[in-house]
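**Q** Take this structure first; my questions come after.
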Amino acid sequence: MQRLFGRPEALADVPTHYCPGCTHGIIHRLIAEVIDELGVRERTVGISPVGCAVLAYDYFNCDFVEASHGRAPAVATGIKRASPGAVVFTYQGDGDLASIGAGEIVHAASRGERITVIFVNNAIYGMTGGQMAPTTLPGQKTTTCPRGRDTDVAGHPIRVCELLSSLSGVAYIARVSVTSPANVVKAKRALKRAFETQLADSGFSLVEFLSTCPTNWAMTPVEALKWVDDKMAMYYPLGEYTHVPEVG
Amino acid sequence: MGEKVLMKGNEAVAEAAIRAGCRCFFGYPITPQNEIPEYMSRRMPEVGGVFLQAESEVAGSNMVYGAACAGARVMTTSSSPGISLMQEAISYMAGAELPCVIVNIVRGGPGLGGIQGAQSDYFQATRGGGHGDYRLLVFGPSTVQELMDLTMEAFDLADMYRNPVMILGDAILGQMMEPVEFREPPKRDLPPKIWATTGAAGRPKNIISSLYLDPAKLEKHNLHLAEKYKRMAAEQVRYSTYKTEDADIVLVAYGTTARIARAALDKAIERGLSAGLFRPISLWPFPYEALKAATRRAAHVLVVEMSLGQMVEDVRLALGGGKSVHFYGRTGGMSPAPREILDEIVKIVDKGA
C-alpha cells in the first residue's frame, strides 16, 4: 500500500499544548516536512525560545536546545560555529525576537550566520497572558495597552523583515501566513528556500509567519485567521524581502 | 614543556586555553582583559578554532552556551561589568549542566567603576551571581603561572562536573608579566559528551534545557545539582599555607592580595613577630576546614582584600565566632601596600585584641 500522507519523521508523535486555533501546530508541521524532505533530520539542531513555543523541543524529533529569552540567535551562532555541519534553526516569537532579542537577531543577520530563523509573529505576548508585543498593531488592545496601542506612548510596531533585509549578511527573508491552503503551500515553499539557503552556505535566512492568538485576541479561530488577512497583512505585507544591496 | 617564557597574565590565559583544547572563544572587549580576545583572534585560526567578537557580553555568553551544547571546549573572558551581563547565561549553563570556562579579570565597581584591579566580585562569583540555586567552581590564582595552570585544568574540571568553572583574577594579575612554563594538568578520564546536541544520528534526540515546569521535578533537579556541588566541594578544595604553624597572627588573603600580604608578613617576621599566611586558591569551595586547622593556635586572624570585606564572611563562617577576625581592605581599584598591612599587623598584635 502506498502511503500518501502521514506524520513527518521530524515531528514527534505527541499532543501539543497549543490553544485551539493557534497556528503554531501548522508551522511546526511545515518545518518538520521540510526537514524530512531535505533529509537533514539527523544533523538538525533546533533552538526553542521563551514564549508559547518554549516546549517546542518536545514536539520535534531532532536535537533541541532551550535558549534564554531572546538569545536563540546567539545560542544558534555558538552551535553553528562549533559544528558547521549542523543544520541549525531557531523558533522565536515576536517578544523573543523583536523585543528582548532585538540585538541578537540584528547581529546574527548582519554576520550572515548560516542559520535559519523561524519568526512567529502574532502581535501579542501569548504565554504571559496577552501583553503588548513589539509587533502589536496601532490601536490593538492588549492587557498592557487596554485602550489600544497608542504609538505616541508605546511607539510603533517593528517590521522585522523590512528591517533585517537592509543587512548585507542576509541571504533570504520572506513573510508568509498560513491562513488558507494556498498560503500554507506558499509558506512551505519559503521555508524550504530558507533551509536550502543555509545548506548552500550563502548566509542568514529568516521566514516570518503571521500567526494567530485567538485566546488573547479574544476571537474565534476563524475570526483570528480573518484578522491576520485583514489587519496584520496590511501592516506586514507578505512576500520575499531579500533585496540586499551588495556594498563594499 | 619545561621552557620558561615571559608572558602577560591575560596572554597566558589565552594560550593556556588553547593548549587545553579550547577551540571556541566568544567575547566582547572590556578593559583590563582585552589582550585575551586579541590573542585569541590571532591564535584561534592557527589551530582551526573559532574566535568571534560578539555584539555584547549577553550575546557572547549565550554563544558560549551554544558551543557548549555542541560539545566544544569553550571559553569567554571579561571584566566585572561584563561578567554582570553574563549572569543570565551562567545561570542557564549551571541549570542545563554545560561545561565552560569563564575568566573574570576583576576591576573596581560598583557600576562602571574603574579599570584598576579589585576583588569586589567575590560575592558574585562564589554565591552564584545569577538567579537560582547553583554553584560555580571558582579559583583565585595569585601568580601568572598559577593563572595558567588553573585555566588549563579548568577545562577538564568543567567537563568532569558538567559545570561552568570561573577563574577570578584581577587587573594586576592580568596585566603583569612573569616567567611561566606550560605544564600539563593531571590526566583525567573524562566522560564522553553523549548529552551534546550534535544531531540525532542513530540515537534518540538530545534536549538541553533548564526548564522544569513541574516544581517537584525542578526540586529533584536542584537536589541532583546539590549532590554534584557536594562532590565538587569534597574534591576541589585548594589552598596554600605559609608559616602558619605556631603563628600568632594568621593573614588570610587570595590572589594578588596574598602576594602583598606575604611581603608584609615577611617584614613582620623580621621584626620578631610570629605571622603566617593562609591563601585560599579555591574560593568556591572555600577551604573552611583547612583554615580552621591552620588558625587553631593563632591568637589573631587578619583578612586582607581589595574590597570592603567579602571573603572575610567566609573566614568568619570557617572560624565560627571562636576567634576575633580582623579585616583590612582597600577598594575601588586601590591595592593595599605592604606597609599598610604591616601597620595593621602591628596594631592588632600590640593591642592583643
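The values are calculated or read from the model by the stated rules, or taken from the named source; none is laboratory data. Fair warning: this is a prediction, and the values are worked out from it, not measured in the lab. Here the Cβ positions follow ideal geometry from the backbone for every residue, glycine too, while neighbour counts run over all protein chains shown.
**Q** Any residue in the stretch B:251-273 that is among the polar types (S, T, N, Q) sitting within a Cβ distance under 7 Å of a residue that is buried (at least 24 other Cβ atoms within 10 Å of the Cβ) and part of a helix (DSSP H, G or I)? List the pairs, counting only those 6 or more apart or interchain.
**A** B:T256/B:L173
**Q** Considering only helices (runs of 4 or more DSSP H) fully contained in the stretch A:139-248, which possess at least 2 residues that are under 17 Å from the mean Cα position of the chain (by Cα)?
**A** A:160-164, A:181-199
**Q** Here's something else I'd like to know. In the stretch A:36-66, how many are touching an Asp or Glu at 6+ places or on another chain (Cβ under 8 Å), within 13 Å of another protein chain (Cβ to nearest Cβ), on the phi < 0 side of the Ramachandran plot and in contact (Cβ under 8 Å) with a residue 24 or more places away in the chain?
**A** The number of residues fulfilling the criteria is 11.
**Q** Going through the stretch A:32-41 one residue at a time, which ones are surrounded by 18 or more Cβ atoms within 10 Å (Cβ to Cβ) and either at pLDDT below 95 or over 15 Å from the mean Cα position of the chain (by Cα) (or both)?
**A** Those that are surrounded by 18 or more Cβ atoms within 10 Å (Cβ to Cβ) and either at pLDDT below 95 or over 15 Å from the mean Cα position of the chain (by Cα) (or both): A:E33, A:I35, A:V40, A:R41.
**Q** Please go through the stretch B:117-133 and give me each residue that is assigned to a loop (DSSP other than H, G, I, E, B), surrounded by 18 or more Cβ atoms within 10 Å (Cβ to Cβ) and modelled with pLDDT of 95 or more, ordered by number.
**A** Scanning the stretch B:117-133 gives B:A118, B:Q119, B:S120, B:D121, B:G130.
**Q** Okay, next question. Only one of B:I167, B:I172 is part of a strand (DSSP E or B) and among the aliphatic types (A, V, I, L, M); which?
**A** Going through B:I167, B:I172 in turn, just one is part of a strand (DSSP E or B) and among the aliphatic types (A, V, I, L, M): B:I167.
**Q** Additional query: Just for the stretch A:82-95: of the residues that are closer than 21 Å to B:A70 by Cβ and crowded, with 24+ Cβ neighbours inside 10 Å, which one is nearest to the other protein chains (Cβ to nearest Cβ)?
**A** The extreme case among them is A:A82.
**Q** Still on this model: In the stretch A:68-81, which residue that is outside any helix (DSSP H, G or I) and more than 7 Å from every other protein chain (Cβ to nearest Cβ) is nearest to the chain's Cα centre (by Cα)?
**A** If we take residues in the stretch A:68-81 being outside any helix (DSSP H, G or I) and more than 7 Å from every other protein chain (Cβ to nearest Cβ), then A:G70 is nearest to the chain's Cα centre (by Cα).
**Q** State whether one or more residues within the stretch B:37-57 are of a type in the set (K, R), in contact with a helix residue (DSSP H, G or I) (Cβ under 8 Å, 6 or more places away or on another chain), in contact (Cβ under 8 Å) with a residue 12 or more places away in the chain and within 14 Å of another protein chain (Cβ to nearest Cβ).
**A** no
**Q** Does at least one position in the stretch B:14-36 carry a residue that is over 18 Å from A:A82 (Cβ atoms), part of a loop (DSSP other than H, G, I, E, B), more than 13 Å from chain A (Cβ to nearest Cβ) and among the basic types (K, R)?
**A** no
**Q** A follow-up question, please. Output the number of the condition that B:Y229 fails; it satisfies all remaining conditions of (1) surrounded by 18 or more Cβ atoms within 10 Å (Cβ to Cβ); (2) in a loop (DSSP other than H, G, I, E, B).
**A** Evaluating B:Y229 over (1) surrounded by 18 or more Cβ atoms within 10 Å (Cβ to Cβ); (2) in a loop (DSSP other than H, G, I, E, B) leaves (2) as the failure.
**Q** Kindly indicate the residue of the stretch B:70-88 that is part of a helix (DSSP H, G or I) and touching a residue at least 40 places away in the same chain (Cβ under 8 Å) and also nearest to the other protein chains (Cβ to nearest Cβ) among those meeting that condition.
**A** Checked the stretch B:70-88; the qualifying residue nearest to the other protein chains (Cβ to nearest Cβ) is B:E88.
**Q** Could you figure out which of (1) out of contact with any Leu (no Cβ under 7 Å at 6 or more places or on another chain); (2) crowded, with 22+ Cβ neighbours inside 10 Å isn't true of B:A290?
**A** Just one mismatch for B:A290, condition (2).
**Q** From the list A:L30, A:L11, A:L4, which one is more than 10 Å from chain B (Cβ to nearest Cβ), over 17 Å from A:G93 (Cβ atoms) and touching a residue at least 24 places away in the same chain (Cβ under 8 Å)?
**A** None of the others qualify; the one that does is A:L11.
**Q** Something else: Taking the stated definitions as given, is B:A67 modelled with pLDDT of 95 or more, crowded, with 24+ Cβ neighbours inside 10 Å and part of a helix (DSSP H, G or I)?
**A** yes
**Q** Has the stretch A:223-243 got any residue that is over 30 Å from A:G112 (Cβ atoms) and either modelled with pLDDT under 95 or among the polar types (S, T, N, Q) (or both)?
**A** Scanning the stretch A:223-243, I find no residue that is over 30 Å from A:G112 (Cβ atoms) and either modelled with pLDDT under 95 or among the polar types (S, T, N, Q) (or both), so the answer is no.
**Q** Of all the residues that make up the stretch B:30-62, how many are surrounded by fewer than 16 Cβ atoms within 10 Å (Cβ to Cβ) and among the aliphatic types (A, V, I, L, M)?
**A** Qualifying residue count, the stretch B:30-62: 1.
**Q** Also, I was wondering about something else. Looking at (1) in contact with a strand residue (DSSP E or B) (Cβ under 8 Å, 6 or more places away or on another chain); (2) buried (at least 24 other Cβ atoms within 10 Å of the Cβ), find the lone condition where B:A89 falls short.
**A** With (1) in contact with a strand residue (DSSP E or B) (Cβ under 8 Å, 6 or more places away or on another chain); (2) buried (at least 24 other Cβ atoms within 10 Å of the Cβ) applied to B:A89, the lone miss is (1).
**Q** Pairs please, first residue from the stretch A:96-123 and within 12 Å of chain B (Cβ to nearest Cβ), second anywhere and of a type in the set (K, R), Cβ atoms under 9 Å, 6+ apart in sequence or on different chains.
**A** Between residues of the stretch A:96-123 that are within 12 Å of chain B (Cβ to nearest Cβ) and residues that are of a type in the set (K, R), the close pairs are A:I100/A:R71; A:G101/A:R71; A:E104/A:R71; A:E113/A:K80; A:E113/A:R81; A:I115/A:K80.
**Q** List the number of the failed condition for B:V301; all other conditions in (1) free of Cβ contacts under 8 Å to residues at least 24 places away in the same chain; (2) out of contact with any Gly (no Cβ under 8 Å at 6 or more places or on another chain) hold.
**A** (1)
**Q** Considering each residue of the stretch B:168-210, count those that are under 25 Å from B:L157 (Cβ atoms), at the interface with chain A (Cβ under 9 Å from one of its Cβ atoms), crowded, with 20+ Cβ neighbours inside 10 Å and not aliphatic (A, V, I, L, M), and give that number.
**A** 3
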